[in-house]
1. Return the whole-Å distance between the Cα centroid of the range 248-264 and the Cα centroid of the range 99-176.
2. Please give the net charge around Ser280, taking every other residue with its beta carbon less than 12 angstrom from that of Ser280, where Lys and Arg add +1 and Asp and Glu add -1.
3. Which lysines, on any chain, are close to Lys59 with Cα under 17 Å apart, when same-chain ones fewer than 8 places away are left out?
4. Above 13 Å lies some portion of the pair distances; for the range 122-161, what is it as a whole percent of all C-alpha pairs?
5. In Å, what Rg and Dmax follow from the Cα atoms of the range 140-206?
6. In debye, nearest 20: dipole of the range 232-305 around its Cα centre with unit charges on the Cβ of K, R (+) and D, E (-)?
7. Based on the Cβ-Cβ distance of Phe54 and Asp137, what FRET efficiency does E = 1/(1 + (r/R0)^6) give at R0 = 25 Å, to the nearest 0.05?
8. Given Cα pairs under 8 Å that are at least 6 residues apart, what percent is the relative contact order of the range 95-176?
Amino acid sequence: MQSRSFSFVRTALLVLALALSFSNSALSQLVVDPALTGTAGGFGGGGVAWQTQFQSDGKILLGGSFNSFGGITAGNRANLIRINADGSYDASFNTGTGVNGTVNMMRLQPDGKVVIGGSFTMVNGTARNGIARLNSDGTVDPTFLVTTGFTGGGSTVYALDLQADGKILAGGFFSTYNGNACERIARLNADGSFDATFVTGTGIGVLWPNALAVQPDGKILIGGLLMTTYNGTPINGITRVNSNGSIDAAFTANTGTGVNDVNGFYVQPDNKIMITGQFSSFNGVSRSCIARLNADGTLDPSFDP
C-alpha cells in the first residue's frame, strides 16, 4: 500500500522519469490525450482536486475542494465525484448532497468501496466526522461504525492507508476517534471501530502526519509536517512503527527532514523507500523535495536527482 498523497508521489516520479528519459524536443511534443473529452469546464470556482483513485474499470474517483464539474454545480458534485474513462461525469456515483468539507485523502478497497478522509462532518446528510466509507455507487456505507468520528484539534484527516487485513490507518490533526484517545494517528478495524491493539501512547507531536504507507512486512511509514516526537521519542519528519504501534528502532532516519514536510511515500519492490515533500535535505545531505532511502531509513546515495 502506498501513502498520501500517492497522486503527488506519482506525479513527482513521472516528472523525474520524463526529465531523465526524454530530450527537450521530445518533451515539447507531449500532448494532452484527445480521448479525455468529457472534462469541459473542469472544476469551477477555483476548485482543487487533491486526490485521485483509479478503478480497475478505468473510472476515476476525484476528491478535493470543489462544488462543480463540467460547468454544472450540484450537491452531488461537492468535493467528491467519479468520472468515466473519457473524463465525463459519472452520474451512477451519486453522493446525494455531497460531502460538506474538503476530501484530503481516499483509499479504494478491493471490494470497490472507498474510504475518504478530510475536514468534513457530513456526507449526504449523514454525520461522518473526518472519515467515511462509501459504497461503489456513492451511498454512505452504514456498516462502517463511525459514531463521533475524529474530534479534537482540527478534526481533520490528512493521511490514510489500508492494511492487507482490511484495517485502516488514519493520520491528521485530531486527538480522539469515537471517544478513544489517539493523538494524530489511529488504526480502525475493517468495520470502522477503533483498534485498541495499535498502541501509540502519546502519539505524534507537534503537528501531524501527511503521509502513511504500509510496507509488505506490515510495518508502517509515517511522514508529516513538524513531526518532532512519536510517543515521546524524538523524530524528524519521518518515522516507522511496527504493526502494534511501537516505534521501529531499526529505522535510523536520524535528523531526517528536520521540521520540513514529508507528504508522500513509494515503497519499491527492493524495499527502498522514495519520499517526496517540501524539504531541502535529508540527514544533512542536500536533497530537494525528493529522496530515496534504504530499507533501514538511511539515505541512498546512489539516487541523487
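A short reminder: the numbers here are calculations on the coordinates, not readings from a lab. From a predicted model like this one, the values you see are computed outputs, not experimental measurements. Cβ coordinates were reconstructed from backbone atoms using ideal geometry, including for glycine residues, and neighbour counts include every protein chain displayed.
1. 26
2. Values: positive: Arg287; negative: Asp261.
Residues near Ser280 contribute 0 overall.
3. Partners within reach: Lys113.
4. Here the tail beyond 13 Å accounts for 54 percent of pairs.
5. 11.1, 34
6. The calculation lands at about 60 debye.
7. Values: r = 18 Å, r/R0 = 0.71.
Approximately 0.90, to the nearest 0.05.
8. Dividing the mean separation by the residue count of the range 95-176 yields 25 percent.
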